[in-house]
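Visitor: I'd like to ask you about the structure that follows.
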Amino acid sequence: MILRLAAAAAVVLASVPAYAHFHLDSPPADQAQSTRGDPQKAPPCGESAAATDMVTVVKTGSVLPITITETIPHPGHYRVAIAQTPGQLPAEPDVTPGDMDCGTVPIDPAPALPVLADGQLVHTTTLVGPQTFNVQLPPDFRCENCTLQVIEFMSEHPLNDPGGCFYHHCARVTISDDAPDAGVAPGGDAGLANHNPTDAVGGCCATGSSLASNGVAIVIVGLAWLLGRRRR
């Protein structure tokens with residue numbers, strides 16, 4: 001009986017994948033998000049949800065802080081792009097499978113419009129709390145009510161349907177010569193990640209599913225009960 005329970009525990013743990021999620025904290029997302037950031041699977045901006053009608057106005061050539069909170073952790077990184085409409089946003093990079101469908105993607109070391117920044121917050125361990133990185137806006141780029149897209153690539157991950165190896169959020173921004181500065185001195189910390197690489201629970205998939213943790217707890221309780229009965 002004990003062996004059967006242990007085998008069942010192994011099946012539970014093997015069958016529960018770890019799915020990453022993130023919440024776009026700033027600039028404010030263009031549609032409502034749950035506390036863990038849903039909806040966010042379907043490109044280019046996540047499945048349709050209630051519009052927030054929030055538009056962030058920033059100065060041409062300034063440095064724009066992007067703040068995210070990774071609500072369900074997984075190895076990966078972030079990319080930021082901008083376009084006048086969601087339909088003009090760039091395609092996601094091609095994925096090379098590894099041990100799982102989501103293996104690796106190339107990171108552009110010198111991104112050009114419509115990509116503003118790539119390879120942000122590269123991590124293999126848990127990102128604890130809100131994370132901010134800074135994106136340099138081009139000195140000659142202006143747009144009104146355009147779409148700023150933040151996507152997360154996840155490695156060591158099965159394919160989502162929809163979304164594949166990516167999660168997506170968008171914000172509405174206006175970039176103007178007359179706008180206030182975005183909040184960071186131009187040329188200051190553009191592109192530098194500010195994150196805590198502490199691995200709270202030991203890497204990739206151990207942190208991704210509360211269901212897996214609950215399965216372990218149930219099996220431990222069951223084993224303890226059976227052992228107690230055998231000692232009587």
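Laboratory data are not the source of any read-out in this text; all were calculated from the coordinates shown. Not measured: the values here are computed from a predicted model. All Cβ positions, glycine included, derive from the backbone under ideal geometry; neighbour counts span all protein chains shown.
Visitor: Quick check: pseudo-label points 7 Å beyond the Cα along Cα→Cβ at ASP94 and THR35, how many nm apart are they?
Guide: Taking the simple label geometry, ASP94 and THR35 are separated by 4.2 nm.
Visitor: I would also like to ask the following. For each of PHE133, PHE166, count neighbouring Cβ atoms within 10 Å of the residue's Cβ, then give the residues from fewest to most.
Guide: Going from least to most buried by this count: PHE133, PHE166.
Visitor: Now a separate question. At 7 Å along Cα-to-Cβ for each site, give me the label-to-label distance between THR67 and LEU159 in nm.
Guide: A separation of 3.7 nm, rounded to one decimal place.
Visitor: ASP140 to THR104: extension gain in nm, 0.36 nm per residue of separation minus the Cα-Cα distance?
Guide: Here the answer is 9.7 nm.
Visitor: Taking a temperature of 25 °C and a viscosity of 0.890 mPa s, what whole-number D in µm²/s does Stokes-Einstein yield for the stretch 19-202 with Rh from Kirkwood over alpha carbon pairs?
Guide: The diffusion coefficient I find is 150 µm²/s.
Visitor: Where the only charges are on Cβ atoms (+1 Lys, Arg; -1 Asp, Glu), what is the dipole of the stretch 19-202 about its Cα centre, to the nearest 20 debye? Display every interim value, and only then the final one.
Guide: Values: 6 positive and 22 negative charges, 46 e Å.
Value, rounded to 20: 220 debye.
Visitor: Quick check on the exposure proxy: order THR52, THR71 from fewest to most C-beta atoms within 10 angstrom.
Guide: Ordered by Cβ neighbours within 10 Å, fewest first: THR52, THR71.
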